[in-house]
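Trainee: Mind having a look at this structure? Questions to follow.
Since every read-out is calculated from the coordinates, none of them should be taken as a lab result. Model, not experiment: these values are computed from the prediction. Counting neighbours? That spans all protein chains shown, and the Cβs are built from the backbone with ideal geometry, glycine included.
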Amino acid sequence: MKIHEVGIIIGGIPIVYQNYDDVFNDNNNSDMICKSALMSSILNFAETLISPMESFESNKYNVSFKKKKINSNNSKDLDLFAYLVSDKEKKSEKLKKHINLALDKILNEFKSKYNGDDYTEITHYDTFKNVIDEILGKKDSVEEKFESIF
């Protein structure tokens, strides 16, 4: 299975994302903001209507996500989403469990480091990409990264 992207969204704002695929790698910030707003809307919609929901799929991709709450320096209980976009494959329960564990680790690490921050300066969180890489594995290829979490 190939991972294309992993990211964190807080209150509809893209905080950090790590691309593992050139197709998903765009340096246009407005596209990233639009993509994150769309992702946040879809996740909130799915959670409201189909709760509990932890993933959805399109013709080409699976999107898995986890949600927690986080505080900012001026607000409490903001929605904190971690998501993972991968190739569409038949999901086994074991695969689903490992994806959920990886997303849980990402959320817990982020929350332990940055709970109570002001999330408006997203460049502050660029170093968290290294944490995402460590959680997924320290291998060179994307496939090896994901295989290492099993």
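Trainee: What's the FRET efficiency of M1 with H124 using the Cβ-Cβ distance as r and R₀ = 41 Å, to the nearest 0.05?
Mentor: Step by step, r from the Cβ atoms, then E = 0.85.
Trainee: Can you tell me which of 112-121, 63-72, 34-43 comes out highest on packing, and rank the rest after it, using the mean Cβ neighbours within 10 Å?
Mentor: Packing order, densest peptide first, comes out as 63-72, 34-43, 112-121.
Trainee: Now a separate question. Label S92 and N71 with points 7 Å out from Cα along Cα→Cβ: what is the distance between them in nm?
Mentor: 4.2
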